[in-house]
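Q: I'd like to ask some things about the structure below.
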Amino acid sequence: MIGLRLTGFGPSVYTRVVRMALAEKGLEYEFEDVNPFSEEGRVAMQSLHPMSRVPVLEHYAFKIYETAAILGYLDDVFEDAQLMPRGAKARARVRQVLGLVDCYGYWPMVRQVFSHGVFRPRLGEEANADEIKQGLAASVPVLDALEEIAAGGLVLNGRDMTRADCHLGPMIDYFLMQSDGAEMLAERPALTAWFGAISQRPAFLATRPDLPVASESIA
């Protein structure tokens, strides 16, 4: 064993980001599934994350949280199957995608479009149509920016697996479950081709979560 332990929440896109990276690198690890939205889960996470969030990676006695930092650590320590490309321009594009996704993409695509358009209806809960509408509108400039990056070919090219692919893939996967989201992606050929390629990778397929059937939230 190489001493890796990941604490996360199965439906969480950020948990899946790390699990995809671990799978791409062929690393074995222990997984602890904790729901940080439940009282029990919040208590359990307090010793691992100051805000009781997921995911958290432990490597023997070393603990690290924040998804981008975890992926960087995995590349630094486990050098096989590097998820950071060579070349200053490609590396800059990876960091740019991570920034776009975290700052501008996650909330509208996941917390608004997916949560209200897919997740809540699955549980028989009322969805807020205004949230979906706002999320779709806010997703337009994000998708346009990502389309330009994908069309450039340095990253999000469907060939070279990088941290950008791991970071974006789970969010687009959820976004596409809402019909309007799927239509929006179909209008962007470079992103469509990219997602078609990575969605067939073993790491993507093996980490696709089963959506919960109880009243839980998506992180």
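The values are calculated or read from the model by the stated rules, or taken from the named source; none is laboratory data. As the structure is a computational prediction, the values presented were derived from the model and not from experiment. No Cβ is skipped: glycine too gets one built from the backbone with ideal geometry, and neighbour counts run over all protein chains shown. To get the accessible areas, we keep the full protein, side chains included, count just its heavy atoms, and leave off ligands, DNA and RNA. Shrake-Rupley method; radii C 1.70, N 1.55, O 1.52, S 1.80 Å.
Q: Tell me, what is the percent relative contact order of the chain, built from C-alpha pairs under 8 Å that lie six or more residues apart?
A: Details: 305 pairs, mean separation 55.7, N = 219.
Result for the chain is 25 percent.
Q: Taking 8 Å as the Cα distance limit and 6 or more residues as the minimum spacing, I'd like the relative contact order of region 13-129 as a percentage.
A: Working: 73 pairs, mean separation 20.2, N = 117.
Over region 13-129, the number comes to 17 percent.
Q: Using only alpha carbon pairs under 8 Å that are at least six residues apart, calculate the relative contact order of region 87-201 and give it in whole percent.
A: Details: 122 pairs, mean separation 36.8, N = 115.
The normalised contact order for region 87-201 reaches 32 percent.
Q: Using all alpha carbons of the chain, what is the percent of pairwise distances in each 10 Å bin, ordered from the shortest bin to the longest?
A: Whole-percent P(r) values from 0 Å outward: 8, 34, 37, 18, 2.
Q: With charges only on Cβ, +1 for K and R and -1 for D and E, what is the dipole size of region 64-154 about its Cα centre, in debye, rounded to 20?
A: About 180 debye.
Q: What's the Cα-based Rg to Rh of region 78-143, Rh via Kirkwood? Show your work: numbers first, answer last.
A: On the way: Rg = 16.3 Å, Rh = 13.7 Å.
Expressed as Rg/Rh, it is 1.19.
Q: A follow-up question, please. Hey, how many Å between the Cα centroid of region 69-144 and the Cα centroid of region 4-43?
A: Spelled out, the Cα-based centre of one part sits 17 Å from the other.
Q: In the chain, which longest range has no trypsin sites (Lys or Arg not before Pro) that are both DSSP loop (not H, G, I, E or B) and surrounded by at most 16 other Cβ atoms within 10 Å?
A: Longest site-free region, per DSSP loop and neighbour criteria: 1-85.
Q: Still on this structure: Provide the FRET efficiency to the nearest 0.05 for the Glu40-Glu148 pair, computing r from the beta carbons and using R0 = 45 Å. Before the final figure, lay out each step's value.
A: Details: r = 44 Å, r/R0 = 0.97.
That gives a FRET efficiency of 0.55.
Q: Further, regarding this structure: With a point put 7 Å past each Cα toward its Cβ, work out how far Tyr73 is from Leu205 in nm, to one decimal.
A: Reported label-point gap for Tyr73 and Leu205 is 3.1 nm.
Q: With a 1.4 Å probe and every protein chain left in place, tell me how much accessible area Glu39 has, in Å² to the nearest 10.
A: 120
Q: Roll a 1.4 Å probe over the protein chains and send me the accessible area per residue for the chain in Å².
A: Working: 10420 Å² over 219 residues.
Result: 48 Å² per residue.
Q: Among Val142, Gly153, Leu98, pick out the residue whose Cα is farthest towards the positive end of the charge dipole of the chain, where Lys and Arg carry +1 and Asp and Glu carry -1 on C-beta, about the Cα centre.
A: Positive-end residue among those listed: Gly153.
Q: Taking the Cα centre of the chain as origin, sum charge times position over the Cβ atoms of Lys and Arg (+1) and Asp and Glu (-1), and report the length of that vector in debye to the nearest 20. List each step's numbers first, then the result.
A: Numbers: 21 positive and 29 negative charges, 103 e Å.
For this selection, approximately 500 debye.
Q: Among Trp107, Gln178, Gly124, flag the residue with its Cα farthest along the positive direction of the charge dipole of region 89-179, charges on Cβ as +1 for Lys/Arg and -1 for Asp/Glu.
A: Farthest along the dipole direction, towards plus: Trp107.
Q: Under the rule of at least 5 residues apart or a separate chain, name every residue whose amide H is placed under 5 Å from the amide H of Glu66.
A: Under 5 Å from the amide H of Glu66: no residue qualifies.
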